[in-house]
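Everything on this sheet refers to the single structure shown next.
The values are calculated or read from the model by the stated rules, or taken from the named source; none is laboratory data. Please read these numbers as outputs of a predicted model, since none were measured by experiment. Methodologically, a virtual Cβ is constructed for each residue, glycine included, from the backbone with ideal geometry; neighbour enumeration extends over all protein chains shown. Note: areas computed on protein heavy atoms with side chains; ligands, DNA, RNA excluded. Shrake-Rupley method; radii C 1.70, N 1.55, O 1.52, S 1.80 Å.
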Amino acid sequence: MSETDDRPVAFIGLGSNLGDSIATLRAALRALDALPGTQLVRASRLYRTAAWGVTEQPDFINAVAMLRTSRAPQQLLADLLDIERHAGRHRLADGSDRWGPRTLDLDLLLYGEQRIDEPGLHVPHPRLHERAFVLVPLAEISPDARIPGVGTAAQALAGMAPAQVQGVTYADPHDPA
């Protein structure tokens, strides 16, 4: 990333708990980096996290990616949904599978310091500041990332006990192996 790059910074939450989750997240990182006008700047380590909401399902593997992108937030969200579908994610129209297992879940967590509240798109992501499985990897790659209305990622994390989140030992997500 050059110092003159004025494209907005976006943070994407990644999660998976079906199939080969580590391979799925690696592929998703490559897909994010391949989006037009987009560069993957940094990716967190992968974290194993107990399921949230509906707890009778496999643990999740979670990560956060930092992007520079010229994509508008709405287009970036559409891109994320397309990457999910390509990975085999099928969403029920009524949303009843919202807390269930999934091959891939990509969430637009932050887009610059914008606040967006429109149908289907809420930035910052709702309850971002209350979820260790997102805050731990976000604070790892960008502790000073500003969560509008909350403060920095590090400040939000300092108010939590992320004892349930454990690092997953694996190869670097940028490693093509």
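General observations
- One residue from Asp107, Asp117 being under 19 Å from Ser44 (Cβ atoms) and among the acidic types (Asp, Glu): Asp107
- Residue among Pro119, Pro143, Pro126 that alone is out of contact with any strand residue (DSSP E or B) (no Cβ under 8 Å at 6 or more places or on another chain), at pLDDT 85 or above, open to solvent by 30 Å² or more (accessible area, probe 1.4 Å) and more than 24 Å from Ser21 (Cβ to Cβ): Pro119
- Checking Trp99 against (1) over 13 Å from the mean Cα position of the chain (by Cα); (2) at pLDDT 90 or above; (3) of a type in the set (Phe, Trp, Tyr), the condition it does not meet: (2)
- Scanning the range 55-79 for residues that are farther than 26 Å from Glu130 by Cβ, assigned to a loop (DSSP other than H, G, I, E, B) and not aliphatic (A, V, I, L, M) yields Ser70, Arg71.
- Residue check for Leu106: at pLDDT 95 or above and either among the hydroxyl-bearing types (Ser, Thr, Tyr) or outside any strand (DSSP E or B) (or both): no
- Every pair of residues 6+ apart whose Cβ atoms lie under 7 Å, when the first sits in the range 136-153 and is touching a residue at least 24 places away in the same chain (Cβ under 8 Å) and closer than 17 Å to Arg68 by Cα while the second is of a type in the set (S, T, N, Q) and in a loop (DSSP other than H, G, I, E, B): Ile141/Ser44
- Any hit, the range 69-84, residues being in contact with a Ser or Thr (Cβ under 9 Å, 6 or more places away or on another chain), aliphatic (A, V, I, L, M) and closer than 12 Å to Leu14 by Cα: no
- The set of residues in the range 6-54 that are in contact (Cβ under 8 Å) with a residue 24 or more places away in the chain, open to solvent by 30 Å² or more (accessible area, probe 1.4 Å), part of a loop (DSSP other than H, G, I, E, B) and closer than 20 Å to Arg146 by Cβ comprises Arg7, Pro8.
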